[in-house]
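The values are calculated or read from the model by the stated rules, or taken from the named source; none is laboratory data. On a predicted model such as this, the values are computed, not experimentally measured, just so you know. Glycine also receives a Cβ, built like all others from the backbone with ideal geometry; neighbour counts cover every protein chain displayed. For the accessible areas, the whole protein counts, side chains as well, though only heavy atoms, and no ligand, DNA or RNA atoms are used. Shrake-Rupley method; radii C 1.70, N 1.55, O 1.52, S 1.80 Å.
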Amino acid sequence: MKDALLIITCCMLFFSCRKDDLTQPKFPLKKKVLIIGIDGCRSDMIDENIAPFMNSLKMKSTVNYNLQHETERLTISGPNWASICTGVHYDKHQVTDNIFQGNNLKEHPHFFKYLNDYYGQEQVNLVSYATWFPINYFMTMLIADHSPVEFNYTDQEIFDLSKATLSNHTPIDPDVLFIHFDQADHEGHAYGYHPDTVEYAQAVNNIDHYVSELYAIIDTRTANNQEDWLIVIVSDHGGIGYGHDGFDIPEIRNTILFLDNEAIQADISSSQQADVATTILDFLEVDLTLLDLDGQSLIK
């Protein structure tokens, strides 16, 4: 009798697991995403002298770009990185300052949470590196597989960590890697946001070199593993003078968005911050009808 009960129990467990396996969506293993965030990057910094590599991307057949990518009406870092990462505007995520006071990220979380919920944490590896620590501290620390919070990271250190993760799978091999560089914004505040400001231009040029090297790593991975990468380059705001307060000022409101993958067929000339997370989720085949997002997918 005990043997019969054991057999019945095992059968029930087996078929129960089989049902879960059939209903759990499978993560598209060859699809990968790299997001490169450049804090405080004005659109007119993308030229052949200051940012020659990113400028050359404008001619690449798989790239769609918008140098009038629109910020949130609150033109500071917190609301904009939150909109980029959540797919909703600040009236929903309620990040209205740089200390994330009174936020509603529990209801409108970072898109990493949607990937974990949709595919299951065991299927997807999510990594976030940020020079500006509030991104990881408030949005990814509890939901990413690797999301270190360090108050004094430099852009060089963020680049080195990112390179190790992509090249050596240290600490894990990412399906989605978010990178945030902050030095351009730092130099803009200190010396002025303008292409003629040597320190600001040099910071953007340094990041351009990082982007070029990251692209080379992705090219190698693509060739060796037949991976399908979506590369996103985006900024939170521009700047003028020594700050970035004022949505009505084009040099502040208009920033950059590059999307590199042949799947991006939409007209992105009116892109906004919330479109970024929505597009990434669509690329990774998440059912957008299940989510309450403001952003529009730019896939097609």
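Which numbered condition trips up P250, out of (1) over 24 Å from V33 (Cα atoms); (2) open to solvent by less than 50 Å² (accessible area, probe 1.4 Å)?
Condition not satisfied by P250: (2).
Filter segment 95-114 down to the residues that are touching a residue at least 40 places away in the same chain (Cβ under 8 Å) and outside any loop (DSSP other than H, G, I, E, B), then identify the one that is farthest from S147 (Cα to Cα).
Among those that are touching a residue at least 40 places away in the same chain (Cβ under 8 Å) and outside any loop (DSSP other than H, G, I, E, B), it is Y114.
Taking the options Q123, Q94, Q101, name whichever one is closer than 19 Å to V286 by Cβ and more than 15 Å from the chain's Cα centre (by Cα).
Q123
Filter segment 115-161 down to the residues that are of a type in the set (S, T, N, Q), within 26 Å of P28 (Cβ to Cβ) and not in a strand (DSSP E or B) and list them by number.
Scanning segment 115-161 gives N116, Q121, Q123, N125, N136, T140, S147.
In this structure, does E48 turn out to be open to solvent by 20 Å² or more (accessible area, probe 1.4 Å), modelled with pLDDT of 95 or more and under 23 Å from H169 (Cβ atoms)?
Considered against the rule, which asks whether it is open to solvent by 20 Å² or more (accessible area, probe 1.4 Å), modelled with pLDDT of 95 or more and under 23 Å from H169 (Cβ atoms), E48 comes out as no.
So which residues in segment 67-91 are outside any loop (DSSP other than H, G, I, E, B), crowded, with 18+ Cβ neighbours inside 10 Å and more than 16 Å from the chain's Cα centre (by Cα)?
Y90, the sole residue that qualifies.
Just to check your reading of the model, which residue among I46, I50 is in contact with a Leu (Cβ under 8 Å, 6 or more places away or on another chain) and more than 25 Å from L288 (Cα to Cα)?
I46
Tell me which of these T278 doesn't satisfy, since it passes every other one: (1) assigned to a loop (DSSP other than H, G, I, E, B); (2) crowded, with 18+ Cβ neighbours inside 10 Å; (3) hydroxyl-bearing (S, T, Y).
Single failed check for T278: (1).
Among the residues of segment 184-191, is there at least one that is closer than 25 Å to S43 by Cα, within 20 Å of the chain's Cα centre (by Cα), open to solvent by less than 30 Å² (accessible area, probe 1.4 Å) and of a type in the set (A, V, I, L, M)?
Looking for residues that are closer than 25 Å to S43 by Cα, within 20 Å of the chain's Cα centre (by Cα), open to solvent by less than 30 Å² (accessible area, probe 1.4 Å) and of a type in the set (A, V, I, L, M), one finds at least one in segment 184-191, hence yes.
Within segment 214-230, how many residues are crowded, with 16+ Cβ neighbours inside 10 Å and out of contact with any Ser or Thr (no Cβ under 9 Å at 6 or more places or on another chain)?
Here the count works out to 2.
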